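Shown next, in structure tokens, is the structure this report addresses.
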Amino acid sequence: MRGELLYRIYTVVKLYGGRANSRRIADVIGVSERTVQRYLKVLVNEGYVEPIRHGMKIFYRVIAPLTREKAEKIAAGELRRDAPVYELARDIQDTIKEFRLHADLIGAAKIHLMVPTHRRITHDIGVIVAPESEHFLVKLLENIHGLILEKARSAHADYRLMHPVLNVKVDIMVEGFKEHGRMVWKLSDILRKRGTLTLEHAIIAKLTRRSFEYRTDAYDVAVSLPHIDPSMFKQILKELNKENPIIASRIPRHLDIVEKYIKTEYVGEDVEILLRLLKRLRD
């Protein structure tokens, strides 16, 4: 199965808005109707398209957003089922890559997609975006993913979008992290240079939070310890210290909370291993 053809069939179904049947799709794309029917069955089974019967005819309409990258994964049999919030986060990440935006996920969603053993379910998705990409990103999230832009901004986000069905909010922060409307950690230059943020950025962002939670933030850091590059962590922390020593100074006491979490919530050899990994970040 070809991912590009799967995505083209999905796109035609979307453009026709519930008025596309297999024959019409086959005529538009230039493949056999049997091929179209085979691909439509996959889209229906995966939950992206649904059939609508009108008399003796069956038409199709889109019921969920699909990116080109995700279509490739479906065709290759590589798609991994996940909690709805992380499925949405993965879709947003694919959209950012597809349109080459200077943006990336941050927070628990970023950690979850990079740490295979992360299991905590969140209800929000954080995104950092450079100013030149902010308006395009918001429109893509509205038009491709069906998110609804809230009128009121949150205390730390420049845009907040809500999923119309899932209890999930998407917070978009322009340039970097802000507290009380003031920039405290600028990340847009890194997005322009690297294209993405690292796991280490996400972990340090957690550790600099004014309110660091034991059950949520400490877990996110603890479960990530085997995947953190200590040298990368220390380099980013060094740069942050130059930019904003105040928020960087929160990290040691928050690492103490992570240590307490490990000693309380883990057992056996896991405790010793994680504490050694934690010590590497402190040294």
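The relative contact order of the chain comes to 13 percent, based on Cα pairs under 8 Å that sit 6 or more residues apart. When the chain is treated as a Gaussian network with alpha carbon springs shorter than 10 Å, the biggest mean-square fluctuation among 207, 15, 40 belongs to 15. Which residues in the stretch 45-59 place their backbone N less than 15 Å from a point set 7 Å from the Cα of residue 19 along the Cα-to-Cβ direction? Hits in the stretch 45-59 for residue 19 at 15 Å: 59.
Quickly estimate the mean residue ellipticity at 222 nm for the chain, helices only: each DSSP H run with n ≥ 4 gives -39500 (n - 2.57), and the total goes over all residues, rounded to 500.
Values: 14 runs with 147 residues, N = 283.
Mean residue ellipticity, 222 nm, calculated: -15500 deg cm²/dmol.
For the pair residue 282 and residue 44 in one chain, pulling the backbone fully straight at 0.36 nm per residue adds 80.6 nm over the alpha carbon distance. Annotation: for a label point projected 7 angstrom from Cα along Cα→Cβ of residue 246, residues of the stretch 179-214 with backbone N closer than 16 Å are 179-186, 208-211.
Once you reduce the stretch 1-23 and the stretch 32-95 to the center of their Cα atoms, the two points are 9 Å from each other.
Report the calculated FRET efficiency for residue 260 and residue 209 (r = Cβ-Cβ distance, R0 = 22 Å), to the nearest 0.05. For residue 260 and residue 209, the calculated efficiency is 0.85. Extension gain, residue 139-residue 56: 0.36 nm per intervening residue step, less the Cα-Cα distance, totals 26.1 nm. Using R0 = 30 Å, the C-beta based FRET efficiency linking residue 271 and residue 154 works out to 0.25. Listed by chain and number, the lysines whose C-alpha is less than 19 Å from the C-alpha of residue 97, apart from same-chain residues fewer than 8 away, are 70, 73, 110, 139, 193. Spacing of the modelled spin labels on residue 167 and residue 234, each 7 Å from Cα toward Cβ, amounts to 4.3 nm.
Ranked highest first by the average count of other Cβ atoms within 10 Å around their residues, in what order do 50-57, 256-263, 120-127 fall? Don't skip to the answer; put the middle values down first.
Values: 50-57: 10.0, 256-263: 17.2, 120-127: 19.0.
By packing density, highest mean first, the sequence is 120-127, 256-263, 50-57.
For the stretch 72-138, chymotrypsin sites (Phe, Trp or Tyr not before Pro) meeting the loop criterion (DSSP other than H, G, I, E, B) and having at most 15 other Cβ atoms within 10 Å: 99. Within the listed set 129, 36, 174, the Gaussian network model of the chain (springs between alpha-carbon atoms below 10 Å) gives the highest mean-square fluctuation for 36. Note on residue 179 and residue 100: the model spin-label points, each 7 Å out from Cα along the C-beta direction, lie 3.7 nm apart. Taking amide H as placed 1.01 Å from N in the peptide plane, the amide H of residue 178 sits under 5 Å from that of 184, each at least 5 places away or on another chain.
Values quoted throughout were computed directly from the atomic coordinates according to the rules given, and no laboratory measurement underlies them. Note that the coordinates shown come from a computational prediction; the quantities given were computed from them, not determined experimentally. Cβ coordinates were reconstructed from backbone atoms using ideal geometry, including for glycine residues, and neighbour counts include every protein chain displayed.
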